[in-house]
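Worksheet: one structure, shown below.
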Amino acid sequence: MTLLALIVFFASLVAIVCLFSLRSWEAARGARFLPLARARADEQARRLKSIIFASRSELSKLPPQMLYITRTLAHKGALGLASLARALERGAHRLADLVSSKHRFERRESHNEFLKQVNDRAGAAQPEDERRDL
């Protein structure tokens, strides 16, 4: 998790440095980089801002009970989807066991001499408690 945060931080830092260098390049040249794309992005940002402000005033008109019901329904829906995913996972494991040629696999002693030696060395290297778990 820390590694991901560091990667995001440094990527953001590099992006900010790139934006400042682009700004200084534009100021030195007296030209704009991709002017049509910037104009479209500015227009979309203005449109999004107006939608956010309009929705803020509309949401304040809703009664608090409606917001509670909406939150509860979203929570119940998420829990239902999680239980459905868990049931599908169990069904997938049962299906895999059904179509597998080795039902309920059990470890046997190997016939290969090399594998026997490797298994003996691995067993000797492990403490007694870990060997019982195998």
J(HN,Hα) series, segment 39-55, from Karplus relation 6.51 cos²θ - 1.76 cosθ + 1.60, nearest Hz, glycine and proline x
5, 5, 5, 5, 5, 5, 5, 5, 5, 5, 4, 5, 5, 5, 5, 5, 5
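If you take the beta carbon distance between Ser110 and Glu89 as r and set R0 to 22 Å, what does 1/(1 + (r/R0)^6) give as a FRET efficiency, to the nearest 0.05?
0.10
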Relative to the longest principal Cα axis of the chain, at what angle does helix 2-29 sit, 0 to 90 degrees, rounded to 10?
30
From the phi angles alone, apply the Karplus equation (6.51, -1.76, 1.60; θ = phi - 60°) to segment 69-81 and give each ³J(HN,Hα) in whole Hz, x where the residue is Gly or Pro.
5, 4, 5, 5, 5, 5, 5, 4, x, 5, 5, x, 5
What value, in deg cm²/dmol to 500, does the helix sum -39500 (n - 2.57) over DSSP H runs of n ≥ 4 give at 222 nm once divided by the residues of the chain?
-28500 deg cm²/dmol
For percent of Cα pairs over 20 Å apart, with candidates [x] 45; [y] 80; [z] 51, the value calculated from the shown model is option [y]
To the nearest 10 degrees, how steeply does helix 113-125 sit against the main Cα axis of the chain, on a 0 to 90 scale?
70
For Ala31, net neighbour charge (Lys/Arg +1, Asp/Glu -1) across residues whose Cβ lies under 14 Å away
+3
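Any read-out appearing in this document is the output of simple, stated calculations on the displayed coordinates, not a laboratory observation. Treat the numbers as computed from the prediction; the structure is a model and nothing was measured. Positions of Cβ are backbone-derived with ideal geometry, glycine not excepted, and every protein chain shown enters the neighbour counts.
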